[in-house]
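Have a look at the structure below, then the notes.
Readers should treat all values here as calculations from the given coordinates under stated rules, not as data from a laboratory. Just so it is clear, the structure is predicted and the values come from calculations on it, not from any experiment. With ideal geometry, Cβ positions are generated from the backbone for all residues, glycine too; neighbour counts draw on all protein chains shown.
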Amino acid sequence: MSTNPLLHIQNVGIRFGGLRAVANFTLKLNQGELIGLIGPNGAGKTTVFNLLTGVYAPTEGEIFFNGERINGLPPYKVTRKGISRTFQNIRLFNELSVLDNVKIAYHSLAKHSIFSSIFRFPKHFSGEKEMEEKSIEFLKIFHLDHVKEEKAKNLPYGQQRRLEIARALAAGPKLLLLDEPAAGMNPQETKELMELISFIRNEFNLTILLIEHDMKLVMGVCEKISVLDHGQLIAHGTPEEIRKHPKVIEAYLGEEVGEEHA
Amino acid sequence: MEWIQQFFNGISLGSIYALIALGYTMVYGIIKLINFAHGDVFMIGAFTGFFAISVLNLSFLPALLLAMIVCAILGVTIERIAYKRLRNSTRIAALITAIGVSLLIEYIFIYFRGAQPEAYPEVLAKETYNIFGAKISSQSVLILCVTVILMILLQFIVHRSKIGKAMRAVAYDQDAAKLMGINVDNTISITFAIGSALAGAAGVIFGIYYTKIDPLMGIIPGLKAFIAAVLGGIGIIPGAMVGGFLLGIVETVVSASGFSLWRDAAAFIILILILIFRPSGIFGKNAKEKV
Amino acid sequence: MKMINRFWKFMLLAIIIYTIIQLLITTEVFNLFYTNTLITIAINIILAVSLHLVIGITGQFSIGHAGFLAVGAYISAIVTMKLALPFPLALFAAGVIAAVAGLIVGIPTLRLRGDYLAIATLGFAEIIRIIFLNIDYVGGAAGMVVSRTTNWTISYICLLITLIVIINFTNSRHGRACVAIRENEIAADAMGINTTYYKVVAFVIGSFFAGIAGGLYAHNFYIIQPASFGFLKSFDILIFVVLGGLGSLSGAVLSAILLTIVSTFLQDYAETRMIIYSLILILVMLYRPQGLMGTREITDFFTSRKKNALKGGENL
Ligand SMILES: Nc1ncnc2c1ncn2[C@@H]1O[C@H](COP(=O)(O)OP(=O)(O)OP(=O)(O)O)[C@@H](O)[C@H]1O
Ligand SMILES: [Mg+2]
């Protein structure tokens, strides 16, 4: 297994003007793993996701997914290769219904052409019907089917987060990137989210990379954790190792590891 | 010396573009709005100058000053009535409003005055100097002098005065500036006042140099000045100056090479090339959108 | 199937409207003036709906739509007047060449965002106009004489085709991809949507129908001149979409009808018309930036509110 990781990030880095937001970052993810990515504010965690998904092209290093080099690919191609993500600041299609939000993720899996849609060929109807059925199935898994006609922007916060995960999953990823999915959730919602993450991981045979400030969540669900500080990887190991790691403690500057960050 | 001649013509045209472009760039720098109505402020400046010279019998400098004051007031009025409410709306809503304001000024003006053009009175004795075999009119020299003086003044205001500091602070980060005790509303209004005054001056200079003015005269120079601002890097004051001069020279060269009908197209082609290949302009830095 | 049923309802309504108006025209209840206004309304709806696809659905602010109208007008005029080919062929050619122009303009400019895109499209429209101004073959500034061929029937047919194509496009995975771009381009990209492709597609379809409108327009006025396709023309089209509600097809249709009637009455008072138009634009932006209809459709008022799944009209 370890000879052929699903995701292999090699010495990746990026500069924004003078700022080295991420430098010399290396990480291997094997099929089926759930790894946490933590670090203080501004450490470069979201930037790592942006590099993985093609939002930014790395200025140094290489990224291999499934043995294929993917750095420099535009985001939509990365998604089609099997990496999808959620965003730290929720990015739903606000004016669209919950159902349409999920349907959009199915977009590239459907095959009916523009031509057949404009002229309403049978392919259009069967294609759209399939998209609709699959999307509703998904919403059921996430307990969102009862609000499927609601506009995304009108959902309560917790449901918006869940919808974003549902949407990311609908795109059919092998690797799922979650950027602070529990941010702004109350303890009850967080607990449900943890269960949901474990559930989808088994159900969909997923590999997950999770950014989270909530240490309880991270320590609870992740097998391994990577710690970033000032764009540098300062530690990697099991939750136990991370908890005791002197550099991690230093990075959090006296903040007790395990404390919650709102 | 045909080319030197064209170069000087280009500089004269360019200084008018540069003066208008400064207003575009300052306003964009501070509230990220393409103030489409800026070209019409320029037009009102030209007509105010015309009125001051032919009706009030003022000489050049007082007429110039009057036009600048009227335009400053007009600029602030537009900002307070129309743009202030748009601070939190989308850039596109702001852009459409600005287009609306521009057309409103033009057609209200035509409604009350008519669309007929006006011939600018001669306020300055016309002399021609011979420099390297090129004929340079006293007007070109004057235009250049006035432009340069106004630009130096502007640099002084922006970099040395307290209000200039406030302007730069608001442009950099509006919320932080507010926290530092800067009156953001007033600072924005003053930016409009200064930018509009410069457009007013450009209007008078345009009238004297090209002698014909009309209520729709602001549209094309307005667009060109905007192109100049983008060329130099929108939001950057020296960029607007350089962009203005550059565009003026390019246009005169295109005309002089026998493509005068393509002159306007040249400006738009420059705009599109710049937007596509270097949207931050000559002096700008490229920034990535944060995700 | 429910959707097919809807399509026939739409067609029935369309035929009824056509028959009534055609009857009024043949019985001369509608004189030439009214008929003319109807043709203008049809042309303006085509323009409004084609721009709605670009701005309202895909969220790409193009303010140079008159450029494609000009391409359509000139190409169709060349086909009928210079090549002496039939009018329907001229209309088709107008659409195709305008679509090609849309492709050429769209590929480089649609990478730009927001107001930069707006300015670039404005610039391209001006360049297109200046090109026609400089081609002697089409009469330069003096323009081109065109025989009057556009009539109510052909305008109406073109209008129907435009509506059907754009509504069908909107209500499919492709239209949904475009709406996703409007709603959140970064998320759309992250969902596997090739955003550049869909922006260009929407732009090309929009340009195609603007070209058709151009063909109708050219053959409705005896003469076409570059001066008729300037920024003010683009602005006239923009206001239909903005006033109607960004994202609402029926809003664009309604405001096209309304404003065409208003400007017919103000035909001899051009300044007053422009003052009213610009005031409308400013007031809508200041007090109701989502436009009269927002993203809602007129059909939403008849069906239960919860049922509206997608913007852009009902399924056909
Ligand atoms: N597009 C950009 N341009 C310039 N700087 C950027 C850009 N994106 C991120 N940065 C900078 O890179 C650094 C890392 O940011 P990043 O968002 O990755 O941090 P983070 O670890 O996700 O922090 P947080 O916990 O607050 O989400 C920050 O200093 C940020 O300001
Ligand atoms: Mg982050």
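Here region C:14-87 and region C:156-189 have alpha carbon centers that stand 20 Å from each other.
Distances between placed amide hydrogens fall under 5 Å for residue A:71 paired with A:63, all partners being 5 or more residues away or on another chain. Ignoring aspartates and glutamates fewer than eight residues from residue B:178 along the same chain, the ones with Cα atoms less than 20 angstrom from its Cα are B:79. Backbone geometry of region C:275-287 corresponds, through the Karplus equation with coefficients 6.51, -1.76 and 1.60 at θ = phi - 60°, to 3J(HN,Hα) couplings of 5, 4, 4, 5, 5, 4, 4, 5, 5, 4, 5, 6, 10 Hz, x marking Gly and Pro.
Is the C-alpha gyration tensor of region B:139-291 telling us rounded, prolate or oblate? Criteria: a/c under 1.5 is rounded; beyond that, a/b larger than b/c is prolate, otherwise oblate. Before the final figure, lay out the partial values.
Working: a/c = 2.31, a/b = 1.40, b/c = 1.64.
The shape class here is oblate.
Peptide A:71-83 shows a mean partner chain C-beta count of 3 within 10 Å per residue C-beta. The helix-based estimate of mean residue ellipticity at 222 nm for chain C, built from -39,500 (n - 2.57) per DSSP H run of four or more residues and divided by its residue count, is -22500 deg cm²/dmol to the nearest 500. Using Cα springs under 10 Å in a Gaussian network model of chain A, which residue among A:114, A:249, A:63 shows the largest mean-square fluctuation? Between A:114, A:249, A:63, it is A:114 that shows the largest mean-square fluctuation. Listed by chain and number, the lysines whose alpha-carbon sits under 21 Å from that of residue C:9, ignoring those within fewer than 8 places in the same chain, are C:307, C:311. For region A:34-44, putting each phi into the Karplus relation 6.51 cos²θ - 1.76 cosθ + 1.60 with θ = phi - 60° gives couplings of 10, 10, x, 10, 10, x, x, 4, x, 6, x Hz, in residue order, rounded to whole numbers and with x for Gly and Pro.
Looking at the protein assembly as shown only, what percent of DSSP beta bridges run antiparallel? Nearest 5 please. Write down the numbers at each step before the final one.
Working: 28 of 45 bridges.
Roughly 60 percent of the DSSP beta bridges within the protein assembly as shown come out antiparallel.
The angle separating the long axis of helix B:91-113 from the principal Cα axis of greatest extent in chain B is about 40 degrees.
Rounded is the label for chain C. Its Cα gyration tensor axes, ordered a ≥ b ≥ c, give a/c under 1.5. Taking 29 Å as the straight-line reach from the Cα of residue A:224, the lysines in range (excluding those fewer than 8 positions away in the same chain) are A:28, A:45, A:77, A:81, A:174, A:191, A:216, A:244, A:247, B:290. Summarising the amide proton neighbourhood of residue B:33: residues at separation of 5 or more, or on other chains, whose placed amide H is nearer than 5 Å comprise B:28.
In what sequence do A:212, C:185 fall when counting other Cβ within 10 Å, fewest first? Walk me through the numbers before you get to the answer.
Values: A:212 25, C:185 19.
Taking fewest neighbouring Cβ atoms as first place, the list is C:185, A:212.
Among B:43, C:22, C:139, whose Cα lies farthest out toward the positive end of the dipole of the protein assembly as shown, if unit charges sit on the beta carbon of Lys, Arg (+1) and Asp, Glu (-1)? After comparing all options, I get C:22.
For chain B, what is the calculated [θ] at 222 nm in deg cm²/dmol (nearest 500), taking -39500 (n - 2.57) for each run of four or more DSSP H residues and dividing by its residue count?
Details: 11 runs with 203 residues, N = 291.
The helix-only estimate for chain B comes to -23500 deg cm²/dmol at 222 nm.
Provide the percentage of antiparallel DSSP beta bridges, counting only those with both residues in region A:143-252; round to the nearest 5. Of the beta bridges lying entirely in region A:143-252, close to 50 percent run antiparallel. Close amide H contacts of residue A:30 (hydrogens built in the peptide plane, cut-off under 5 Å, sequence separation of 5 or more or a different chain): A:6.
Residues considered: B:15, B:280, B:260. Largest GNM mean-square fluctuation over chain B, using C-alpha springs under 10 Å, is found at B:260.
A cut-off under 14 angstrom between Cβ atoms defines the neighbours of residue B:104, and their net charge, with Lys, Arg +1 and Asp, Glu -1, is -2. Oblate is the label for region B:20-217, because a/c, from the alpha-carbon gyration tensor with a ≥ b ≥ c as root eigenvalues, is 1.5 or above and a/b does not exceed b/c.
Which whole-number percent gives the relative contact order of chain C, counting Cα pairs below 8 Å spaced six or more residues apart? All intermediate terms of the calculation are to be shown ahead of the outcome.
On the way: 519 pairs, mean separation 96.2, N = 316.
Relative contact order here is 30 percent.
Using the rule -39500 (n - 2.57) for each DSSP H run of four or more residues, divided by the residues of chain A, the 222 nm mean residue ellipticity is -11000 deg cm²/dmol. The ranking of B:261, B:13 from fewest to most other beta carbons within 10 Å of each one's beta carbon is B:261, B:13.
Treat the count of other C-beta atoms within 10 Å as a stand-in for reagent exposure and order C:233, B:224, A:224 from fewest to most. Each step should come with its number before you reach the end.
Details: C:233 21, B:224 27, A:224 18.
Ascending number of Cβ neighbours within 10 Å: A:224, C:233, B:224.
Taking the Cβ of residue B:235 as the centre, find all other residues whose Cβ is under 15 Å away and add up their charges (Lys, Arg: +1; Asp, Glu: -1). Local net charge: +3.
Mind checking the angle between helix A:122-141 and chain A's longest principal axis? C-alpha axes, 0 to 90 degrees, to the nearest 10. Here the helix axis deviates by roughly 40 degrees.
Region B:103-132: which GluC sites (Glu not before Pro) are DSSP loop and have at most 15 other beta-carbon atoms within 10 angstrom? Intermediate values should be presented prior to the final figure.
Details: sites: B:106, B:118, B:122, B:127; in loops: B:122, B:127.
Within region B:103-132, the qualifying GluC sites (Glu not before Pro) (loop, at most 15 other Cβ atoms within 10 Å) are B:122, B:127.
Peptide B:97-109 is shielded by partner chain Cβ atoms: per residue, an average of 6 of them sit within 10 Å of its Cβ. Compared with the dominant principal axis of the Cα atoms in chain B, helix B:237-254 is inclined by about 40°. Build a GNM of chain C with springs between Cα atoms under 10 Å apart, and of C:210, C:270, C:98 the one that fluctuates most is C:270.
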